[in-house]
Amino acid sequence: MDNMKLIGDLLHSHGLKKTPIRTEVLELFMDHDFALSASDIVAKMTAGHDRVTIYRALSSFEEHGILHRASEDGQGTKYALCGHKCPDEQHTDKHAHFVCDECHQTYCLEDVQVPEVEVSSEFTVERTSFVLGGICRQCQQ
């Protein structure tokens, strides 16, 4: 199945209209095996979309379970495609992420689940982050 069909189906299944910017942003994510920041996306876009529109698209995708926050660094938040259908406003793909110390790319480790952690009733956990660091395969070569 080609990316255009996948993108159309993905947007439709999450109740979002297929627009040129949403299509191009999702194409970028599908073309990369690592997470992207808003600045990465701005640099890679073929059309001159403004930053506000890109941030709105990313926010909408996160709210609708299409993207999840993979990591944060000096460049800001990096996002990755959800590995499976996440319901709106609740991401169910709780997996680890790997950040390369050399190239600073963030990779989803779908097979590495975040361990369950119990906390006191004094706290309400809303996010969990499990990040591993080291050198990626590309940088080791």
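Derivation of every value follows stated rules applied to the coordinates shown; laboratory data play no part. The structure presented is a predicted model; accordingly, all values stated were derived computationally and were not measured. Virtual Cβ from ideal backbone geometry, glycine too; neighbours counted across all protein chains shown.
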Yes or no: region 1-9 includes at least one residue that is surrounded by 12 or more Cβ atoms within 10 Å (Cβ to Cβ), touching a helix residue (DSSP H, G or I) at 6+ places or on another chain (Cβ under 7 Å) and not in a helix (DSSP H, G or I).
no
Subset of region 17-45, residues farther than 17 Å from ASN3 by Cα and loosely packed, with under 14 Cβ neighbours inside 10 Å, comes to SER39, ALA43
Would you please name the residue that is nearest to ALA96 (Cα to Cα), looking only at residues in region 17-61 that are touching a residue at least 24 places away in the same chain (Cβ under 8 Å) and of a type in the set (Phe, Trp, Tyr)?
PHE34
